[in-house]
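Contents: one structure, followed by commentary.
The values are calculated or read from the model by the stated rules, or taken from the named source; none is laboratory data. What you see is a predicted model; the values in this text were computed from it and never measured. Note that each Cβ is placed from the backbone with ideal geometry, even for glycine, and that neighbours are counted across all protein chains shown. For the accessible areas, the whole protein counts, side chains as well, though only heavy atoms, and no ligand, DNA or RNA atoms are used. Shrake-Rupley method; radii C 1.70, N 1.55, O 1.52, S 1.80 Å.
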Amino acid sequence: MTRSLKKCVLIVNPRSGTSDKGRIVRLALSELLKAGITVKTVYTERPAHATELAEAAACDGADIVVAMGGDGTVNEVARGLCNTSSTLGIIPVGSGNGLARHLQIPLNPEGAIGVITAGVAQQCDYCTVNNRPFFCTFGIGFDAAVSDRFASRPGQRGLVNYLRSAVEELINFRSEEYSILCDDVEIKEKAFVVACCNAAQYGNNAFIAPRASITDGLMDVTVIHSSNIIQHAINGIDLMLGLIRNGARARTFQTGRLVIMRSHSGPVHLDGDPAQMGPRLVVRCHRGGLRVFSPGEMKVKPIITPLNHITL
């Protein structure tokens, strides 16, 4: 579906990634102008600033609001656009680029800008945990601990350094007890990971919920059982090959809402960004609340899709 879009705000995180952002901004301005779109460029100055800028752009009637940055920037901009008439464009320049990958937005600037100028958009779901939005994944347990460790090394990004953080965290990690309430059913589990997924992957093509769709009105929940280090190493291989499924090592199911209870406050992650939250976590999927330029969702075929998208 196409729309005639004329007014755009480009939100740039000058600290994301390592690419030449000046060149990309100039390219975006040129290509968008050719498409008959006027552009105002603004730069983020602090955490959560992108959300403020996106909210202001939507209130001012912007047809398009473009996030140029990594997953954190995309998350912040998208938060400001939920349930508005503005359409999100993504120019990914981060390390994980989870939402861009799931929506098959090219990782090169020329291709990403081309998706925006083509004018084809998807009406996507978004999710919240305790009313805080996320767009790819929310998790507690091991993945939250890894996100916290990875975020402590802002100068060391990319898949290799993420795997390094995972290996280091695995050595001393201890699983916790959780109570998961879903559709009047209570699941009690000592879990390694509880991941609530709107999209199929964390980023860097690490597929925690290979069958997830961002347009079906449901979250895909993956609960990885507590086990030994060898089993968790196998889980890591399954993650990278798109083989996570319901079975002996994991429980998977879909839902629109669930409540997770744990014994104490602690770390979580939202789209890879670490945070601290309380013992009660209410997670919901909000159907069709965000419009995003995209050629369509990635359909994950185990082994085949990961091998076709290897990025180190």
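Put simply, the C-alpha atoms of the chain give a gyration tensor, and the ellipsoid matching it has half-axes of 32, 20, 18 Å, longest first. Amide hydrogen proximity for Tyr178: with H placed 1.01 Å from N in the peptide plane, the residues at 5 or more positions away or on another chain lying under 5 Å are Glu189, Lys190, Ala191.
Whole-Hz Karplus values for segment 167-174 come out as 5, 5, 6, 4, 4, 10, 5, 10 Hz, taken residue by residue from phi with 6.51 cos²θ - 1.76 cosθ + 1.60 and θ = phi - 60°; glycine and proline positions read x. Write down the percent of antiparallel bridges among all DSSP beta bridges whose residues are both part of the chain, to the nearest 5. Roughly 75 percent of the DSSP beta bridges within the chain come out antiparallel.
Which value in deg cm²/dmol, rounded to the nearest 500, describes the helix-derived mean residue ellipticity at 222 nm for the chain, given -39,500 (n - 2.57) per DSSP H run of n ≥ 4 and division by the residue count? Helix contribution divided over all residues of the chain: -9000 deg cm²/dmol.
Taking 0.36 nm per residue of separation and subtracting the current Cα-Cα distance, fully stretching the chain between Lys40 and Asn228 would add 62.4 nm. Sequentially through segment 277-282, phi angles give Karplus couplings (6.51, -1.76, 1.60; θ = phi - 60°) of 9, x, x, 10, 10, 9 Hz, Gly and Pro residues having no value and appearing as x. Solvent-accessible surface of the chain, averaged per residue with a 1.4 angstrom probe and all protein chains in place: 43 square angstrom. Amide H to amide H distances under 5 Å link Ala121 with Ser294, where only residues 5 or more positions off or on other chains count and H is placed in the peptide plane. Close amide-amide hydrogen proximity is noted between Met277 and Gly266, Val268, each under 5 Å apart and 5 or more residues distant or on a separate chain (H modeled in the peptide plane; Pro and chain starts excluded). A simple rule links phi to the HN-Hα coupling: the Karplus curve 6.51 cos²θ - 1.76 cosθ + 1.60 with θ = phi - 60°, which for segment 180-196 gives 10, 9, 8, 6, 6, 10, 10, 10, 9, 8, 8, 10, 7, 9, 10, 10, 9 Hz, with x for Gly and Pro.
Listed peptides 186-192, 203-209, 40-46, 68-74 appear in the order 68-74, 203-209, 186-192, 40-46 once ranked by packing, highest mean of other Cβ atoms within 10 Å at the front.
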